[in-house]
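The structure appears below as C-alpha cells.
The values are calculated or read from the model by the stated rules, or taken from the named source; none is laboratory data. All values reported here derive from a predicted model rather than from experimental measurement. Because the Cβ atoms are built from the backbone with ideal geometry, glycine has one as well, and the counts that use them run over all protein chains shown.
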Amino acid sequence: MNRKTLLVTGSSGLIGSEVVVHFDHLGWEVHGIDNNMRADFFGPAGDTRWNQRRLEATCRNFQHHELDIRDRTGILACIEQLRPDLVVHAAAQPSHDLAARRPFDDFDVNAVGTLNLLEAVRRYAPEAVFVYMSTNKVYGDAPNELPLKELPTRWDYARPEDYNGIGEDMRIDQSKHSIFGASKVAADVMVQEYGRYFGMKTCCLRGGCLTGPNHSGVELHGFLSYLVKVNVSGGIYHVYGYKGKQVRDNIHAYDVARFIEFFYNSPRSGEVYNIGGGRGNSCSILEAFDYVEQLSGRKMRWEYIDKNREGDHICYISDLSKMRAHYPGWDITKTLPMIFEEIYVGWVQRLKGGGN
C-alpha cells in the first residue's frame, strides 16, 4: 500500500502546523511549504521558525520546503514532483491593517498565490483534494446588518432565527471587506470555480477565529493568542471600539485538521463551509479577559480606543449546521476553557524559553 502524500502551504503557521502533525500521525508523507513571510509581515513577534523546528524535530514523515507561493515556476515544479493526494492551502497574508499598507503584497500572496497552486494541481495532480483556508472576512461587514442586542458583556443576535450564527448563504458582495477581505474573496471564488468549472475536489473553509497554543499571535492577527500573551507578559491590550463587547467564535486548530481529514475521505467539488467554534465556543473581548485572569491570577491591563477597525464584525458566530449535516462524524472536541488553558500554558512555556 502506497503512502499518501500531503502538501501543506503555510506549514509553520497555526493551521498548517496542526495539519502537518495530524496527518503525520496518520502515517502520511507530509511536505510543507513555508518561507517565514510572517516575520516580514509582523516583525520578530510573528516569526514562525520555532514552529518549523518543532515539526522537523517531532514529525517522522515531514519535509520542509523553503518556497514562496508567489513563485509560480517553483510551485509548478513542486506540485509536478510531489503529485500530492491532498493539498491544504493555509499560507496567507492575514492582517486587515497590514493589507491596507501593502496591498500588492497582500493580493499577490492571497489571490495570485492561490491561483498558482490551483493551476499547478489542475495540471499535475487533478485528482487531488484541495482545501483552502478562507476567512469569514469574505462576508465583509454584511454580518453587522443583522439586528443585535447589547448584553452586559457582549453583543448578541436579536432575532431567534439568527441564534446559531452566520450561514454560508450570507452575501459576499456589496459590503466593506478591508483590502485583506477582498483578496481572500478573490481566492475563495477561484477555489470554488476550479471545483465547479474543472470538476476538481475543492472546498473553502471560511474560518472564524482559528486558534491554539502554536499560534504566533500579534496585535494585528491572532485574537486569543495575542490576548493571552499580553496578559502573561504584563503588557497593555488595546480594545478597538464596540465597548469591548465584540464577539468571536473560536475553534482549535486540531478540530480544523480533523474536519480536513473528514473532507478528504468524502470530498465534494466547489464546496464552502463556515468553520468556527460555534455559539458554544464564542466569547467577547471582555469575557476573554475574565477567562485569562482566572488562569493567570493577573488583572488584564487594557486601553480603550473609541474607533472600531474598518469592516470589523460586531458579533460573529459561525453556524456549523452545514458542516455537521455533510459530515455527521465531525464536531467540536476542544471547548473554550480547554482552548484558553492550552494557549495559556503554551505562552508561559514559550516566554520562559525566550520564544515569540
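Values as computed for the structure displayed
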| item | result |
| --- | --- |
| Answer residue from region 297-311, given it is surrounded by 12 or more Cβ atoms within 10 Å (Cβ to Cβ) and out of contact with any Gly (no Cβ under 9 Å at 6 or more places or on another chain) and is modelled with the highest pLDDT among those | Met300 |
| Lone unmet requirement of (1) in contact (Cβ under 8 Å) with a residue 60 or more places away in the chain; (2) under 21 Å from the mean Cα position of the chain (by Cα); (3) under 22 Å from Gly13 (Cα atoms) for Gly217 | (1) |
| Failed condition for Val121, given (1) within 17 Å of His89 (Cα to Cα); (2) touching a Cys at 6+ places or on another chain (Cβ under 6 Å) | (2) |
| Where Glu56 falls short, out of the listed (1) out of contact with any helix residue (DSSP H, G or I) (no Cβ under 8 Å at 6 or more places or on another chain); (2) buried (at least 17 other Cβ atoms within 10 Å of the Cβ) | (2) |
| Contacts under 9 angstrom Cβ, first residue in region 126-141 being of a type in the set (Gly, Ala, Ser), partner part of a loop (DSSP other than H, G, I, E, B) and buried (at least 24 other Cβ atoms within 10 Å of the Cβ), 6 or more apart | Ala128/Pro84 |
| Listing of strands (runs of 3 or more DSSP E) fully contained in region 106-161 that carry 1 or more residues being closer than 26 Å to Tyr254 by Cα, touching a Ser or Thr at 6+ places or on another chain (Cβ under 7 Å) and modelled with pLDDT of 95 or more | 129-135 |
| Breaking point among (1) under 19 Å from the mean Cα position of the chain (by Cα); (2) closer than 21 Å to Val20 by Cβ; (3) modelled with pLDDT of 95 or more, for Arg53 | (1) |
| Selection from region 2-23 of residues that are surrounded by 15 or more Cβ atoms within 10 Å (Cβ to Cβ) and either more than 21 Å from Ile251 (Cα to Cα) or more than 20 Å from the chain's Cα centre (by Cα) (or both) | Lys4, Thr5, Leu6, Leu7 |
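Results for (1) buried (at least 20 other Cβ atoms within 10 Å of the Cβ); (2) at pLDDT below 95; (3) over 19 Å from Trp347 (Cβ atoms), shown as yes or no for each residue.
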position: Val189; (1), (2), (3): no, no, yes
position: Glu193; (1), (2), (3): no, no, yes
position: His252; (1), (2), (3): yes, no, no
position: Ser269; (1), (2), (3): no, no, yes
position: Val272; (1), (2), (3): yes, no, yes
